[in-house]
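The values are calculated or read from the model by the stated rules, or taken from the named source; none is laboratory data. Not measured: the values here are computed from a predicted model. Quick reminder, even Gly has a Cβ in these numbers, built from the backbone with ideal geometry, and neighbours come from all protein chains shown.
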Ligand SMILES: Cc1cc2nc3c(=O)[nH]c(=O)nc-3n(C[C@H](O)[C@H](O)[C@H](O)COP(=O)(O)OP(=O)(O)OC[C@H]3O[C@@H](n4cnc5c(N)ncnc54)[C@H](O)[C@@H]3O)c2cc1C
């Protein structure tokens, strides 16, 4: 699988200042941030950035955040879920205001990326949809490069209200899988099942699975159970284990 | 540049935290780009081949018959977490390398996992009590998502070098980039020199 990525690409370069241009509450527990990052290198859909926070005395904390925006967006869009006691996420989701400056480094990652033209299926749980949204926006913006149907999506969350980018994903035709309620398309409440995935399985497809470690484990296991080659599945795990 | 009002949730400062790392405390994040494989130890084996006098393969039972050796200390992930007070047990790579007998021309090692994941290391970073094939973590069998049944353990380098589900070490007379080394991380990955990304 070493040949799966591209040739060595330029690194993420130095830490860069990022000015917050937009802040909005995307779902009850997530906040969207749009950042202006002068001089940044364009990312590929699926890549992430590291955000660094510095205290007055020089103490720093940094965490990784996937990019939701398409590469040709003038701003860099992140979506952060506020975790109880989260050192970085609670600051980003509660304290950051328009006009603030952060520091970022990226783009990072050469494996969990898709910008066509091969067939791809993206399966995201909760904030795990973020890198898939970058792929979706890229596909939508470049119909000449990405024929319809080339990117299929499944997005999972507890409820429609808690799913970031739910409306945008649904408009693109993503299958919504809600564990606590029926979806608008009529899928009954329940976790992702093999039958949700079987309709997405096709030859010559790369699968992008993103979410908590538990979600990634479950979905990748289901895919392999459906006969998908493990080497066709690329996984991004956001959280701690367990 | 400081962020207004950011205090951080600090743990007591410690000298053994490399630059840019934070102490993850009890958490042990899982970072893998692949599907976690299901591996039957009875069908798993560990090989040392390439530029060696005696290419050797050990079964699970044969490896466990060797003297066990323990690592206790920190591990450092390139995504900026470090975890202190970990304990891994397995077999020292010195034993496996000595049995296989590296040829004088061998300078580098390519580690390969059952999944096809690869990572490259200079041979001298694997000798002298610096590296293990580990099968327990905190006294229990290594969980599958952390590389069980057995992983490479090279705790003085960033943890992507500690290939999960390792099955083979190939000695080479040149350096050959592995999976992450092709996909954006640096070749050696020394946390004390913050060798994270291509270009650092
Ligand atoms: C490649 C990559 C991309 C990521 N992309 C995103 C993204 O787009 N949006 C996003 O919100 N996060 C994303 N994350 C997760 C993010 O990097 C942080 O781990 C997360 O924001 C928590 O950081 P914190 O400092 O707030 O929490 P910490 O202070 O590190 O942890 C606080 C508590 O929360 C728990 N915890 C930590 N992380 C998670 C998690 N992800 N889920 C549940 N519990 C957790 C810890 O066990 C701990 O108890 C990504 C992670 C990676 C590795």
note = Restricting the stretch A:204-217 to residues that are modelled with pLDDT of 95 or more and more than 19 Å from residue A:164 (Cβ to Cβ), the one surrounded by the fewest Cβ atoms within 10 Å (Cβ to Cβ) turns out to be A:204
message = Exactly one of these conditions fails for residue B:9: (1) surrounded by 13 or more Cβ atoms within 10 Å (Cβ to Cβ); (2) without any contact (Cβ under 8 Å) to a residue 60 or more places away in the chain; (3) touching a strand residue (DSSP E or B) at 6+ places or on another chain (Cβ under 7 Å). Give me its number.
response = (3)
ask   = Residues in the stretch B:135-189 that are in a loop (DSSP other than H, G, I, E, B), over 15 Å from the mean Cα position of the chain (by Cα), away from chain A (no Cβ under 13 Å) and surrounded by 22 or more Cβ atoms within 10 Å (Cβ to Cβ): how many?
value = 0
query = Applying the selection to the stretch A:58-91, what residues are in contact (Cβ under 8 Å) with a residue 60 or more places away in the chain and more than 9 Å from the ligand (Cβ to nearest atom)?
reply = A:69, A:70, A:71, A:72, A:73
query = Does residue A:95 satisfy the condition of being over 29 Å from residue A:196 (Cβ atoms) and either without any contact (Cβ under 8 Å) to a residue 60 or more places away in the chain or surrounded by fewer than 24 Cβ atoms within 10 Å (Cβ to Cβ) (or both)?
reply = yes
ask   = Conditions: (1) in contact (Cβ under 8 Å) with a residue 60 or more places away in the chain; (2) buried (at least 18 other Cβ atoms within 10 Å of the Cβ); (3) in a loop (DSSP other than H, G, I, E, B). Residue B:18 meets all but one. Number of the miss?
value = (2)
ask   = Looking at (1) crowded, with 21+ Cβ neighbours inside 10 Å; (2) more than 10 Å from the ligand (Cβ to nearest atom), which is the one condition that is false for residue A:55?
value = (1)
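Could you tell me which residue of the stretch A:100-147 is farthest from residue A:235 (Cα to Cα), considering only residues that are in a loop (DSSP other than H, G, I, E, B) and within 10 Å of the ligand (Cβ to nearest atom)? Steps first, please.
Pass one, the stretch A:100-147, residues in a loop (DSSP other than H, G, I, E, B): A:100, A:109-118, A:142-147.
Next, from what is left, pick out any that are within 10 Å of the ligand (Cβ to nearest atom): A:109, A:112.
Details: A:109: 12, A:112: 7 Å.
Selected residue: A:109.
Do we have residue A:86 as modelled with pLDDT under 95, outside any helix (DSSP H, G or I), surrounded by fewer than 21 Cβ atoms within 10 Å (Cβ to Cβ) and assigned by TED's automatic domain parsing to the domain that holds residue A:30 here?
The answer is yes for residue A:86.
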task = For the stretch B:93-125, enumerate the residues that are within 15 Å of the chain's Cα centre (by Cα), surrounded by 16 or more Cβ atoms within 10 Å (Cβ to Cβ) and assigned to a helix (DSSP H, G or I).
result = B:93, B:94, B:123, B:125
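Is it true that residue A:79 is away from chain B (no Cβ under 12 Å), more than 27 Å from residue B:194 (Cβ to Cβ), in contact with a helix residue (DSSP H, G or I) (Cβ under 9 Å, 6 or more places away or on another chain) and not in a loop (DSSP other than H, G, I, E, B)? Full working, then the answer.
Numbers: away from chain B (no Cβ under 12 Å): yes; more than 27 Å from residue B:194 (Cβ to Cβ): yes; in contact with a helix residue (DSSP H, G or I) (Cβ under 9 Å, 6 or more places away or on another chain): yes; not in a loop (DSSP other than H, G, I, E, B): yes.
When the stated conditions are applied, residue A:79 passes them.
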Residues of the stretch B:35-85 satisfying the condition of being within 14 Å of another protein chain (Cβ to nearest Cβ) and either surrounded by fewer than 17 Cβ atoms within 10 Å (Cβ to Cβ) or in a loop (DSSP other than H, G, I, E, B) (or both) = B:35, B:36, B:37, B:38, B:39, B:77, B:78, B:79, B:80
message = Which of the numbered conditions does residue B:31 fail, given that it passes all the others? Conditions: (1) in contact with a helix residue (DSSP H, G or I) (Cβ under 8 Å, 6 or more places away or on another chain); (2) surrounded by fewer than 16 Cβ atoms within 10 Å (Cβ to Cβ).
response = (2)
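Condition first: under 13 Å from residue A:125 (Cα atoms) and more than 10 Å from every other protein chain (Cβ to nearest Cβ). Now tell me which residues in the stretch A:194-242 satisfy that. Explain how you work it out, then say what you get.
Going through the stretch A:194-242, the residues under 13 Å from residue A:125 (Cα atoms) turn out to be A:208-220, A:235-239.
Passing the criteria: A:208, A:210, A:211, A:215, A:218.
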